[in-house]
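Heads up, the thing below is written out as structure tokens.
The values are calculated or read from the model by the stated rules, or taken from the named source; none is laboratory data. Everything numeric in this text was worked out from a predicted model, so none of it was measured. Positions of Cβ are backbone-derived with ideal geometry, glycine not excepted, and every protein chain shown enters the neighbour counts. Just so you know, the surface numbers come from the protein's heavy atoms only, side chains and all, with ligands and any DNA or RNA stripped out. Shrake-Rupley method; radii C 1.70, N 1.55, O 1.52, S 1.80 Å.
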Amino acid sequence: MTRDGAGTPSGAAASHGAPGPGASLRPGDDRILEQYLSHLRIERGLSPNTLSAYQRDLRRYLAHLAQQDIDPAAVDPQQLGAWLQALRTGADGGSALSAASASRSLAAVRGLHSFLDSERVSTTGDPSRLVPAPALPRRLPHPLSIEQVESLIEAAGRPGTGRDSTARALRDRALLEVLYGLGARISEATGLDVDDLDASERSAVLRGKGDKHRVVPVGRYALEALEAYMTRGRPALAVRGKGTPAVFLGSRGTRLSRQAAWQVVQRAARDAELTALPAPISPHTLRHSYATHLLHGGADVRAVQELLGHASVTTTQLYTQVTVDSLRETHAGAHPRARRGA
């Protein structure tokens, strides 16, 4: 790489804002950014959505350096820390970011500096290693109860009105059974192809982050919902398309988008009257519930890690805390020696 030639998506562009009017990159910085993004795409197999988020974060970072006339290959930890502070306050000309959003931006910047260091472009090594991420508030998942999950899935399966209402109801029920029964991310569910399902083995292949694949078991309820949709629902939707291997189809016969799948969950939550909960129900709520219910049922945390496709068990252990908190509440309310004043 020549000098004339940089974690996770950080959300919508509006949430990160942009550098101030007239801000631009230094000569050659576009080349650095292009080469780093090519590295992420080819070597690490990151998705287009993730690459787009990295690009937004890094352009804002490089524009800030350009405003300060700082060479990205010669940044020191103090300058990097000053950028992070400007990110939190909006002093760089963009919108002020929360600790979580700033941490995601820092993750993108760390990747860039690690890349520059490995390519022997940086004159200061990797300065990002000496810059701590902002402290994040502890956020525990808000899983649904088993009864709430059942109500949600039942609501999704009720036919509405209009064309293909029965087909859409079969699809929506199968979608929610996949999100809950397989612990799938929304992108994994909408990314399912017909060949990814193996009814005889009661399994499915899910494509996770970084194009990592994992095989997960498919339970009886999910299998029955998928079979009903594939035989009686999908054909009615497929006739409007030009042929696609996708399992879940939209009204035009094309692959169901993540946004449309999110709306399916929202409609089901309204129909099930589950809108007055501590946190809004989203597709990820069903994944949270899947993990929590497995641990409640006695599953080993390492097994749950594999089923969820978590790279680190630390992420999965967040659900064990939810389980412990729930057990503590049960104990406090039921045991005679644990009640207040006992």
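Ordered by 1.4 Å accessible area with all protein chains kept, 124, 244, 275 run largest first as 275, 124, 244.
Checking every one of the trypsin sites (Lys or Arg not before Pro) in region 44-122 against DSSP loop status and a limit of 15 other Cβ atoms within 10 Å picks out 44, 120. Residue 213 exposes around 100 Å² of accessible area when a 1.4 Å probe is run over every protein chain in place. When 201, 154 are compared by accessible area at a 1.4 angstrom probe, the order from most to least is 201, 154.
From the alpha carbon centroid of region 21-98 to that of region 210-265 is 37 Å.
Within the accessible area of region 137-189, the carbon and sulfur atoms contribute 47%, probe 1.4 Å, all protein chains present.
Using a probe of 1.4 angstrom and keeping all protein chains present, the accessible surface of region 75-127 works out to 39 square angstrom per residue.
Solvent-accessible surface (1.4 Å probe) assigned to residue 57 amounts to roughly 10 Å².
Scanning residues 5 or more positions from residue 193 or on other chains, those with amide H under 5 Å from its amide H are 247, with H placed 1.01 Å from N in the peptide plane. Accessible surface of residue 240, taken over heavy atoms with a 1.4 Å probe and every protein chain present, rounds to 90 Å². Name the residue from 89, 68, 32 whose Cα lies farthest towards the positive end of the charge dipole of region 32-103, charges +1 on Cβ of Lys and Arg and -1 on Cβ of Asp and Glu. It is 89. From most to least packed by mean Cβ count within 10 Å, the peptides 224-231, 276-283 give 224-231, 276-283.
If you sort 212, 242 by accessible surface, 1.4 Å probe, largest first, the order is 242, 212. When the trypsin sites (Lys or Arg not before Pro) in region 150-182 are filtered for DSSP coil states and for at most 13 other beta-carbon atoms within 10 Å of their beta-carbon, the remaining sites are 163. Ordering 237, 257, 219 by the projection of their Cα atoms onto the charge dipole of region 198-276, which places +1 on the Cβ of Lys and Arg and -1 on the Cβ of Asp and Glu, puts 257 at the extreme positive end. Rolling a 1.4 Å probe over the protein heavy atoms gives region 138-208 an accessible area of 47 Å² per residue.
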